[in-house]
Amino acid sequence: MSIKKIAPTLVAAAVATVVLTACQAQETKSGSAASGKAMAARTAQSGPLPLAPLGPPPIPPDNKQTPAKIELGKILFFDPRIGGDASTGCSTCHEPDQGWAWAEDFSRGYPGTVHWRNSQTIINSAYYGRLFWAGSVPSLEKQAPSAAKGGVAGNGENDIMESRLALIPGYRKRFKEVFGTEWPLIGDAWRAIAAFERTLVQRDTPLDKYLLGDKSALSEEQVRGMALFNGKAGCIQCHNGELASDQDYHNIGVPPNKRWEEDGLAQVTFRFELYAKGMTEEGYRTTKADPGFYFRGKNKWDKGKFRTPSLRYTAYTAPYMHNGVFYTMEEVVDFYNRGGFDEEGRTTAYPENKSKLIKPLGLTDEEKEDLVAFLEAFSGEEILMEKPPMPDYAPLFTKAELEAAQEAK
């Protein structure tokens with residue numbers, strides 16, 4: 001091929017690279033854009049997506065759902081042996097009767113620590129393009145090990161967790177049936193847990209029924225609240241689409257949790273996380289509040305930003321916000337109505353990054369009641385589940401076999 005034919009191709013490629021790089025830089029500065037279908041839909045229209053009924057959860061092609069895999073993942077989800085000292089499993093911080101989360105401001109932590117953020121519900125987590133408050137992983141398959149091995153969560157090590165699985169005949173049998181391996185592999189454990197979590201969805205809320213045509217599904221108060229949600233209250237700007245989340249990252253003015261001022265262990269845990277995530281020495285010594293999305297790109301304009309959580313299933317997931325600073329939805333609505341300030345006038349520790357979308361709303365008491373009533377329509381019946389029985393350990397070798405092996409040396 002001649003140089004004349006190659007040159008235009010190289011120029012086009014170079015231009016495309018420059019444009020792509022510029023777009024990626026802009027996306028990083030403004031927070032992570034929503035992914036997949038939501039991103040495509042948002043690109044095709046101006047303004048936020050309208051609320052919509054929730055469709056089936058996306059299933060990755062490299063981790064197809066099967067009944068046996070889902071059942072294995074369910075058992076593993078409740079098994080604390082998938083962790084450091086066999087005391088802290090997935091369900092430790094995501095209890096079914098606590099909204100599949102943890103009903104305190106900060107989540108439970110590994111023994112000797114206090115977690116530094118609020119526990120998010122597992123319900124409908126299958127729909128997120130990125131997981132955790134700061135979007136640190138792209139899938140449930142990546143979320144599971146990040147939590148199970150995190151220093152203030154599960155604190156597990158791959159070799160130890162995998163060895164435990166190998167010592168449990170019930171798991172050896174199930175892993176071989178599902179994945180075809182002679183011994184359980186820890187990577188397959190994460191795939192099974194992710195498969196189970198993709199079954200924890202709620203698509204039959206009053207809002208879903210209303211949007212699908214059942215106009216009796218919402219009360220008059222809730223219908224008025226929906227008009228406020230889409231209009232005067234401005235909630236739709238970030239809580240939109242099927243998931244009621246733009247999956248983007250915003251600083252909305254949430255003030256630091258006062259618990260930081262009196263809980264020494266929480267401060268120690270927080271400093272550990274700052275150090276582990278590559279905070280500068282100056283930042284490590286002076287930071288008093290969670291930098292949030294800053295940890296993804298270390299850009300100062302991202303401090304105080306967190307992913308927009310879905311409003312679905314929130315009837316069961318109090319307290320709210322990344323640090324659990326508000327215990328009721330009424331408190332949340334009041335916070336927004338004041339323009340991102342709590343009742344004491346406190347706001348984010350990073351006011352320079354506070355979103356321009358956040359401003360006083362001027363809602364009356366009746367309007368606030370209507371809005372709270374509508375927010376209840378994002379939740380259906382509570383999803384509860386009994387903990388499955390855990391398979392027992394068994395030695396790989398009998399005492400006689402071990403003695404014979406010793407004598408053979």
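The values are calculated or read from the model by the stated rules, or taken from the named source; none is laboratory data. Keep in mind that what you see is a predicted model, and the values were worked out from it rather than measured. Counting neighbours? That spans all protein chains shown, and the Cβs are built from the backbone with ideal geometry, glycine included. For accessibility, only protein heavy atoms count, side chains too; no ligands or nucleic acids. Shrake-Rupley method; radii C 1.70, N 1.55, O 1.52, S 1.80 Å.
Hey, Pro206 hits all of (1) surrounded by 21 or more Cβ atoms within 10 Å (Cβ to Cβ); (2) farther than 26 Å from Arg296 by Cβ but one; which does it fall short on?
(1)
Could you please tell me which pairs satisfy a Cβ distance under 7 Å, a separation of 6+ or placement on different chains, a first residue in region 231-242 that is touching a residue at least 60 places away in the same chain (Cβ under 8 Å) and farther than 15 Å from Leu371 by Cβ, and a second residue that is charged (D, E, K, R) and surrounded by 22 or more Cβ atoms within 10 Å (Cβ to Cβ)?
Asn240/Asp246
For region 48-165, please list each of the helices (runs of 4 or more DSSP H) lying entirely inside it that holds at least 2 residues being touching a Phe, Trp or Tyr at 6+ places or on another chain (Cβ under 9 Å), polar (S, T, N, Q) and closer than 30 Å to Arg271 by Cβ. Explain how you work it out, then say what you get.
Numbers: elements: 67-78, 90-93, 140-149.
The helices (runs of 4 or more DSSP H) meeting that bar are 90-93, 140-149.
Do you know which residues across region 165-200 are more than 21 Å from Ala394 (Cβ to Cβ) and open to solvent by less than 40 Å² (accessible area, probe 1.4 Å)?
So in region 165-200, the residues more than 21 Å from Ala394 (Cβ to Cβ) come out as 180, 187, 190-191, 193-200.
Scanning region 165-200 gives Gly187, Trp190, Ile193, Ala194, Ala195, Phe196, Glu197, Arg198, Leu200.
Name the residues in region 129-164 that are open to solvent by less than 50 Å² (accessible area, probe 1.4 Å), within 22 Å of Phe106 (Cβ to Cβ) and touching a strand residue (DSSP E or B) at 6+ places or on another chain (Cβ under 8 Å), would you?
Residues satisfying the conditions are Leu131, Trp133, Ala134, Gly135, Val137, Gln143.
Condition check ((1) farther than 15 Å from Ala52 by Cα; (2) open to solvent by less than 20 Å² (accessible area, probe 1.4 Å); (3) part of a loop (DSSP other than H, G, I, E, B)) across all residues:
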| position | (1), (2), (3) |
| --- | --- |
| Gly213 | no, no, yes |
| Gln222 | yes, no, no |
| Met226 | no, no, no |
| His239 | no, no, yes |
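Considering only residues that are among the hydroxyl-bearing types (Ser, Thr, Tyr), touching a residue at least 40 places away in the same chain (Cβ under 8 Å) and in a loop (DSSP other than H, G, I, E, B), which ones fall in region 265-319?
Thr308, Ser310, Tyr313, Thr317
So which residues in region 361-409 are farther than 21 Å from Arg203 by Cβ, among the charged types (D, E, K, R) and under 38 Å from the mean Cα position of the chain (by Cα), if there are any at all?
Asp365, Glu366, Glu367, Lys368, Glu369, Asp370, Glu386, Lys387, Asp392
Which one of Ile252, Ile186, Ile193 is farther than 24 Å from Lys354 by Cα, of a type in the set (Val, Ile, Thr) and touching a residue at least 60 places away in the same chain (Cβ under 8 Å)?
Details: Ile252 fails: farther than 24 Å from Lys354 by Cα; Ile186 fails: touching a residue at least 60 places away in the same chain (Cβ under 8 Å).
It is Ile193.
Tell me which residues, restricted to region 84-103, are β-branched (Val, Ile, Thr) and surrounded by 22 or more Cβ atoms within 10 Å (Cβ to Cβ). Give the derivation first.
To start, the set of residues in region 84-103 that are β-branched (Val, Ile, Thr) comprises 88, 92.
Correct list: Thr88 only.
For region 74-83, how many residues meet the condition of being open to solvent by 20 Å² or more (accessible area, probe 1.4 Å) and touching a residue at least 24 places away in the same chain (Cβ under 8 Å)? Before you say what the answer is, go through the steps one by one.
Going residue by residue through region 74-83, those that are open to solvent by 20 Å² or more (accessible area, probe 1.4 Å) are 74, 80-81.
Filter once more, so that each one left must be touching a residue at least 24 places away in the same chain (Cβ under 8 Å): 74, 81.
Qualifying residue count for the region: 2.
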